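The structure appears right after this line, and notes come after that.
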Amino acid sequence: MSQHTREPFSQMEEVTIAELQAAMRAGQVTAHQIVEMYLERIATFDRGGPMLNAVLEINPDALAIADALDRERREQGPRGPLHGIPVLLKDNIATTDQMETTAGSLALLGSRPPREAFVARKLRQAGAVILGKANLSEWANFRSNSSSSGWSARGGQVHNPYVLNRSPCGSSSGSAAAVAANLVTVALGTETDGSILCPSSNNNVVGIKPTVGLTSRAGVIPIAHSQDTVGPHARTVADAAIVLGALTGVDPRDPATAASVGKFHTDYTRFLDPNGLKGARIGVAREVYFGYSAKSDAIASAAIERMRDLGAIIIDPANIPTAREMATSKSETTVLLFEFKADLNRYLAELVTSPVRTLAEIIAFNNEHAEEELKYFGQELFLQAEETTSLDDPKYLAALEENHRLSRQEGIDAVMDQYQLDALVMPTGAPPWCIDLVDGDHAIGGCSQPAALAGYPAITVPAGYTFGLPVGITFMGRAFSEPTLIKLAYAFEQATRARRPPQYLPTIL
């Protein structure tokens, strides 16, 4: 970590939390200098050069926070592994500092939350430096069916650092792209269905989508309480595990976290086992989650063979019995529309100050500012959500029951019981498609739905490349099985070392 290279920010390429801590411990670098180097990288790669647009806003207090943490380290020692480590928050995670919390929308500019999100407070308590807010698919990609992942009216289009005209996926687009481009050590994303897993795969980073209730959603601009969860993006499984441990805990403001009592850990690094695949029973969920991309299938097949070489017992196929039924059901959309209206109106009502207080007012705002907000795609999901009634509507309750039944007892639980599995495995998604603001996303497949509907965990890890485009592989399991998934993902990562830093290619073909 010498400070005397011609380009100080080049030292931050692929650096891990452990390496940064060792350098700070040895007095080679301070948290202040780490923040400065990341800010220089953001200026070079995000604001200039390839113009990634991954970082929406820099925290004006970042250097002051780093100074205070440096002083604390000298006087009292570090708080833990995140002491002095810069983190980006997706811009739907509320902070009460000088930064905005807008979900990428111009409608929420100037709004002030009553308190910080629980996860933001936990990161500060762990000694992390909140470096800024990451760009995202506006409203976490729940506004239109023809949206472009990674676009927000406030931040513009996020670009994929591997190939700039390819999609970063979403909705945690900026969080994953910033980590991939070494603009920050780690970042937080949120997932309702695919919003951590897909951008992690497209940007070649590790993403953990935790069990619903393992991490609090209080203070996070919601889509749907039955599916929303907050998790880390990192370049290594170890770094993701460190961040996850800092986020857990029961939060009275999020009743779902009560289910994590006795099941959450504050240190997931103890599950990092390089021999973790030996003897593990892994089922290959082929139906629906393979077959949409020959290139992704080839990468996943090679990954599965590698797992077999490492001692895993591969059960192939181990299909989720309800996969096709989930994929064709309208129940997920029904639940999301109902919960979005109820949950968002509750969030907006709590704001100390806000230009908008209801979904109806946001719809009106977008119409009034159509040139900025509705230039590329509309707000048909907002309009459908506004038409819903309340959460005691039998239509909503029946859809929620169907989601849980198909994904849990008749779905993931059924196949895992049948074959006594430790995890399911499948390609995370297709290779990144071309960004298209005219017609929207061209995603052809993914694997996130079963874990999303069930509220169960999944981890994606870099697995390989096609034409220089990254593809990840996902390990999926039962509720609160994060320790097992981390063990398997770490063993796979250590054996394959598939991640390579991005090249910022303008195009490939």
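The values are calculated or read from the model by the stated rules, or taken from the named source; none is laboratory data. Just so it is clear, the model here is predicted, and its values are computed rather than measured. Quick reminder, even Gly has a Cβ in these numbers, built from the backbone with ideal geometry, and neighbours come from all protein chains shown.
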One residue from Ser200, Ser195 being hydroxyl-bearing (Ser, Thr, Tyr), buried (at least 24 other Cβ atoms within 10 Å of the Cβ) and not in a loop (DSSP other than H, G, I, E, B): Ser200
- prompt: Restricting attention to the range 125-147, which residues are part of a loop (DSSP other than H, G, I, E, B), within 22 Å of Leu336 (Cβ to Cβ) and of a type in the set (Gly, Ala, Ser)?
  reply: Ser137, Ser144, Ser146, Ser147
Top-ranked residue of the range 35-79 - restricted to ones that are of a type outside the set (A, V, I, L, M), modelled with pLDDT of 95 or more and at positive phi, ranked as surrounded by the fewest Cβ atoms within 10 Å (Cβ to Cβ): Gly77
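Do you know which residues across the range 26-38 are assigned to a helix (DSSP H, G or I) and within 13 Å of Leu69 (Cα to Cα)? It would help to see each step written out before you state the result.
Looking only at the range 26-38, we keep the residues that are assigned to a helix (DSSP H, G or I), and these are 31-38.
Ala31, His32, Gln33, Ile34, Val35 - these are the residues of the range 26-38 that are assigned to a helix (DSSP H, G or I) and within 13 Å of Leu69 (Cα to Cα).
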query: When you look at Ser171, is it of a type in the set (Ser, Thr, Tyr), surrounded by 24 or more Cβ atoms within 10 Å (Cβ to Cβ), in a loop (DSSP other than H, G, I, E, B) and modelled with pLDDT of 95 or more, yes or no?
result: yes
query: Of the residues that make up the range 333-349, is at least one at pLDDT 95 or above, of a type in the set (Lys, Arg), under 30 Å from Leu437 (Cβ atoms) and outside any helix (DSSP H, G or I)?
result: no
task: Please go through the range 86-118 and pick out each residue that is part of a helix (DSSP H, G or I) and surrounded by fewer than 22 Cβ atoms within 10 Å (Cβ to Cβ).
output: Leu106
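Could you look through the range 381-411, keep only residues that are of a type in the set (D, E, K, R) and in a helix (DSSP H, G or I), and pick out the one that is nearest to Phe142 (Cα to Cα)? Full working, then the answer.
Let us first name the residues in the range 381-411 that are of a type in the set (D, E, K, R), namely 386-387, 392-393, 395, 401-402, 405, 408, 410.
Then keep just the ones that are in a helix (DSSP H, G or I); that gives 386, 395, 401-402, 405, 408, 410.
Values: Glu386: 13, Lys395: 20, Glu401: 22, Glu402: 21, Arg405: 24, Arg408: 24, Glu410: 28 Å.
Among those that are of a type in the set (D, E, K, R) and in a helix (DSSP H, G or I), it is Glu386.
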message: Of all residues being among the hydroxyl-bearing types (Ser, Thr, Tyr), in contact (Cβ under 8 Å) with a residue 40 or more places away in the chain and farther than 30 Å from Lys487 by Cα in the range 309-349, which is surrounded by the fewest Cβ atoms within 10 Å (Cβ to Cβ)? Just the residue, please.
response: Ser329
message: Tell me yes or no: at least one residue of the range 277-286 is modelled with pLDDT of 95 or more, under 22 Å from the mean Cα position of the chain (by Cα) and on the phi > 0 side of the Ramachandran plot.
response: no
query: Ala126 is checked against (1) over 24 Å from Glu482 (Cβ atoms); (2) hydrophobic (A, V, I, L, M, F, W, C); (3) surrounded by fewer than 24 Cβ atoms within 10 Å (Cβ to Cβ) and fails just one. What number does that condition carry?
result: (1)
task: Select from the range 408-426 the residues that are closer than 24 Å to Val206 by Cα and out of contact with any strand residue (DSSP E or B) (no Cβ under 6 Å at 6 or more places or on another chain) and write down the one among them that is surrounded by the most Cβ atoms within 10 Å (Cβ to Cβ).
output: Ile412
message: From the list Val212, Val261, Val230, Val250, exactly one residue is β-branched (Val, Ile, Thr) and under 23 Å from Pro86 (Cα atoms). Which is it?
response: Val230
Sole exception among (1) in a loop (DSSP other than H, G, I, E, B); (2) loosely packed, with under 15 Cβ neighbours inside 10 Å for Ala258, by number: (1)
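Given the structure, is Asp251 more than 27 Å from Leu20 (Cβ to Cβ), crowded, with 19+ Cβ neighbours inside 10 Å and within 16 Å of the chain's Cα centre (by Cα)?
Values: more than 27 Å from Leu20 (Cβ to Cβ): yes; crowded, with 19+ Cβ neighbours inside 10 Å: yes; within 16 Å of the chain's Cα centre (by Cα): no.
Here the answer is no, as Asp251 does not meet what is asked.
When you scan the range 210-229, do you find a residue that is closer than 14 Å to Leu485 by Cα, crowded, with 24+ Cβ neighbours inside 10 Å and of a type in the set (Gly, Ala, Ser), even just one? Reasoning before the result, please.
Applying the first criterion (closer than 14 Å to Leu485 by Cα) to the range 210-229 yields 210-211.
Still in the running and crowded, with 24+ Cβ neighbours inside 10 Å: 210-211.
Filter once more, keeping what is of a type in the set (Gly, Ala, Ser): none.
Taking every residue of the range 210-229 in turn, none turns out to be closer than 14 Å to Leu485 by Cα, crowded, with 24+ Cβ neighbours inside 10 Å and of a type in the set (Gly, Ala, Ser).
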field: Which listed residue, of Arg121, Arg154, is surrounded by fewer than 24 Cβ atoms within 10 Å (Cβ to Cβ), free of Cβ contacts under 8 Å to residues at least 40 places away in the same chain and either out of contact with any strand residue (DSSP E or B) (no Cβ under 6 Å at 6 or more places or on another chain) or closer than 12 Å to Asn53 by Cα (or both)
entry: Arg121
Hits in the range 287-308 - residues which are free of Cβ contacts under 8 Å to residues at least 40 places away in the same chain and among the acidic types (Asp, Glu): Glu287, Glu305
